[in-house]
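Student: One structure is given below, represented as structure tokens, and several questions about it will come after.
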Amino acid sequence: MRHPVVAGSFYPSSRESLLSMLSEFIRPSPDAAVKACIAPHAGYMYSGRTAGRVYSIIPKAQTYVILGPNHTGYGSMVAVSTDRWLTPLGEIEVDTEFVEAMPKTIVDMDEIAHRYEHSIEVQIPFLQYVYRGFRIVPICLGMQDEETARDVVQEILIAERETGRDIVVIASSDMHHYLPDNRCREADAKVIDAILSMDISRYYRTIYNLQASVCGYGCIAVAMLYAVNHNCRAELVEYSTSGDVADKSSVVGYAAIAFRR
């Protein structure tokens with residue numbers, strides 16, 4: 001069992017308090033055309049409203065493939081978990097059949113990478129608030145270069161074909177970190193524009209040219225590549241910074257982006 005590590009800090013540890021908070025963020029209006037999305041993973045008081053906008057439109061799927069960056073440095077650099085995941089809203093099973101169908105050419109089965117990592121954990125209560133009866137495939141990325149992203153998306157596509165699963169891919173990422181609010185918004189606008197272009201090479205050039213502190217940039221690339229494979233277009237659903245609710249001198253940016261067919 002993968003137990004929660006940021007319940008009580010990033011989000012409430014009480015089921016009732018968590019449900020109450022999520023009800024403020026989510027207004028369900030599912031869009032079946034959404035095949036992938038980007039959602040932030042900060043404390044809910046900072047990024048929950050922006051994340052809630054994309055979870056309001058995410059459609060029901062059999063399996064949600066959730067990609068998050070490895071902030072801790074523990075474990076394999078590309079790691080999938082097969083443990084059950086626990087949150088204050090209950091347990092969620094991993095789609096082990098989907099995991100078994102992945103070729104494992106780059107993705108390792110490793111729980112250590114997930115043990116203390118928050119980036120995937122914080123996404124799960126949003127899904128639990130909206131839906132029941134789904135499974136997840138949690139993939140933690142310590143390597144986020146373009147080659148790795150392309151290899152990971154190929155594993156996802158192969159498993160999708162072999163299992164016939166109806167999936168949605170979720171990239172867990174915040175945008176720039178610890179800049180003054182105006183500078184953060186300017187830098188994030190360039191990254192968001194590159195994402196919306198659906199041009200992976202341009203996106204990586206933008207990340208590297210800006211020396212961007214976008215923590216899940218490789219996770220975003222996997223979602224983009226998956227979306228390109230499914231002939232999707234990208235749309236910015238909402239953008240905010242932590243400066244909207246806290247001090248503006250040093251902020252983190254948050255983008256909710258949907259990829260629609």
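Student: Name the single residue that is surrounded by the most Cβ atoms within 10 Å (Cβ to Cβ) among those in the range 204-258 being assigned to a loop (DSSP other than H, G, I, E, B) and among the small types (Gly, Ala, Ser). I'd like the intermediate steps shown before the answer.
Tutor: From the range 204-258, those assigned to a loop (DSSP other than H, G, I, E, B) are 211-216, 230-232, 245-250; that's our starting set.
Filter once more, keeping what is among the small types (Gly, Ala, Ser): 212-213, 216, 246, 249-250.
Details: Ala212: 18, Ser213: 17, Gly216: 26, Ala246: 14, Ser249: 10, Ser250: 14.
The extreme case among them is Gly216.
Student: May I pose another question? Any chance the range 71-88 includes a residue that's closer than 26 Å to Ala32 by Cα and charged (D, E, K, R)?
Tutor: no
Student: Within the range 10-29, how many residues are assigned to a loop (DSSP other than H, G, I, E, B), surrounded by 11 or more Cβ atoms within 10 Å (Cβ to Cβ) and either more than 19 Å from the chain's Cα centre (by Cα) or not aliphatic (A, V, I, L, M) (or both)? Steps first, please.
Tutor: First, pick out the residues of the range 10-29 that are assigned to a loop (DSSP other than H, G, I, E, B): 10, 12-14, 26-29.
From the residues that got through so far, the ones that are surrounded by 11 or more Cβ atoms within 10 Å (Cβ to Cβ) too are 10, 12-14, 26-28.
Narrowing further to those that are either more than 19 Å from the chain's Cα centre (by Cα) or not aliphatic (A, V, I, L, M) (or both): 10, 12-14, 27-28.
Residues in the range 10-29 being assigned to a loop (DSSP other than H, G, I, E, B), surrounded by 11 or more Cβ atoms within 10 Å (Cβ to Cβ) and either more than 19 Å from the chain's Cα centre (by Cα) or not aliphatic (A, V, I, L, M) (or both): 6 in total.
Student: Next question. Consider the range 170-198. How many of its residues are of a type in the set (S, T, N, Q) and assigned to a helix (DSSP H, G or I)?
Tutor: First, the residues of the range 170-198 that are of a type in the set (S, T, N, Q): 172-173, 182, 197.
Still in the list and also assigned to a helix (DSSP H, G or I): 182, 197.
Residues that pass the stated criteria total 2.
Student: Return the total of residues in the range 43-60 being surrounded by fewer than 21 Cβ atoms within 10 Å (Cβ to Cβ) and among the hydrophobic types (A, V, I, L, M, F, W, C).
Tutor: Of the residues in that region, 1 qualify.
Student: Only one of these is modelled with pLDDT of 95 or more and under 20 Å from Ala36 (Cα atoms): Tyr116, Tyr129. Name it.
Tutor: Values: Tyr116 fails: under 20 Å from Ala36 (Cα atoms).
On inspection, the qualifying residue turns out to be Tyr129.
Student: While we're on this one: Within the range 71-82, which residues are under 18 Å from Ser172 (Cβ atoms) and either at pLDDT below 95 or crowded, with 16+ Cβ neighbours inside 10 Å (or both)?
Tutor: Filtering the range 71-82 down to residues under 18 Å from Ser172 (Cβ atoms) leaves 71-81.
Correct list: Thr72, Tyr74, Gly75, Ser76, Met77, Val78, Ala79, Val80, Ser81.
Student: Kindly evaluate Glu91 against the criterion of being acidic (Asp, Glu), in a helix (DSSP H, G or I) and surrounded by fewer than 23 Cβ atoms within 10 Å (Cβ to Cβ). Don't jump to the end; show me each part of the working.
Tutor: Working: acidic (Asp, Glu): yes; in a helix (DSSP H, G or I): no; surrounded by fewer than 23 Cβ atoms within 10 Å (Cβ to Cβ): yes.
No: the conditions fail for Glu91.
Student: Please identify the pairs in which a residue from the range 42-63 that is without any contact (Cβ under 8 Å) to a residue 60 or more places away in the chain has its Cβ atom under 9 Å from the Cβ atom of a residue that is among the acidic types (Asp, Glu) and surrounded by 19 or more Cβ atoms within 10 Å (Cβ to Cβ), counting only partners at least 6 apart or on another chain.
Tutor: From residues that are without any contact (Cβ under 8 Å) to a residue 60 or more places away in the chain, there are no pairs.
Student: Take the range 199-220 and flag every residue that is under 25 Å from Gly43 (Cβ atoms) and touching a Ser or Thr at 6+ places or on another chain (Cβ under 9 Å).
Tutor: Ala212, Val214, Cys215, Gly216, Tyr217, Gly218, Cys219, Ile220
Student: Would you mention how many residues in the range 108-123 are touching a Phe, Trp or Tyr at 6+ places or on another chain (Cβ under 7 Å), of a type outside the set (Ser, Thr, Tyr) and either surrounded by fewer than 24 Cβ atoms within 10 Å (Cβ to Cβ) or farther than 25 Å from Arg53 by Cα (or both)? Before the answer, list the steps.
Tutor: Within the range 108-123, the first condition is being touching a Phe, Trp or Tyr at 6+ places or on another chain (Cβ under 7 Å), and the residues that meet it are 112-113, 115-116, 118, 122.
Restricting the remaining residues to those that are of a type outside the set (Ser, Thr, Tyr) gives 112-113, 115, 118, 122.
From what's left, either surrounded by fewer than 24 Cβ atoms within 10 Å (Cβ to Cβ) or farther than 25 Å from Arg53 by Cα (or both): 112-113, 115, 118.
Residues flagged as touching a Phe, Trp or Tyr at 6+ places or on another chain (Cβ under 7 Å), of a type outside the set (Ser, Thr, Tyr) and either surrounded by fewer than 24 Cβ atoms within 10 Å (Cβ to Cβ) or farther than 25 Å from Arg53 by Cα (or both) within the range 108-123 amount to 4.
Here's the yes/no breakdown for (1) assigned to a loop (DSSP other than H, G, I, E, B); (2) farther than 27 Å from Ser56 by Cα; (3) touching a Pro at 6+ places or on another chain (Cβ under 6 Å); (4) free of Cβ contacts under 8 Å to residues at least 60 places away in the same chain:
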{"site": "Ile106", "(1), (2), (3), (4)": "yes, yes, no, yes"}
{"site": "His118", "(1), (2), (3), (4)": "yes, no, no, no"}
{"site": "Val122", "(1), (2), (3), (4)": "no, no, no, no"}
{"site": "Gln128", "(1), (2), (3), (4)": "no, no, no, yes"}
{"site": "Cys140", "(1), (2), (3), (4)": "no, no, no, no"}
{"site": "Thr148", "(1), (2), (3), (4)": "no, yes, no, no"}
{"site": "Ile156", "(1), (2), (3), (4)": "no, no, no, no"}
{"site": "Ala159", "(1), (2), (3), (4)": "no, no, no, no"}
{"site": "Val168", "(1), (2), (3), (4)": "no, no, no, no"}
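Student: The conditions are (1) under 18 Å from Val228 (Cα atoms); (2) surrounded by fewer than 17 Cβ atoms within 10 Å (Cβ to Cβ), and Ile38 fails exactly one of them. Which is it?
Tutor: Result: Ile38 passes all but (2).
The values are calculated or read from the model by the stated rules, or taken from the named source; none is laboratory data. Everything numeric here is computed off the predicted structure, so don't read it as measured data. Note: ideal-geometry Cβ built from the backbone for every residue, glycine included; neighbour counts use all protein chains shown.
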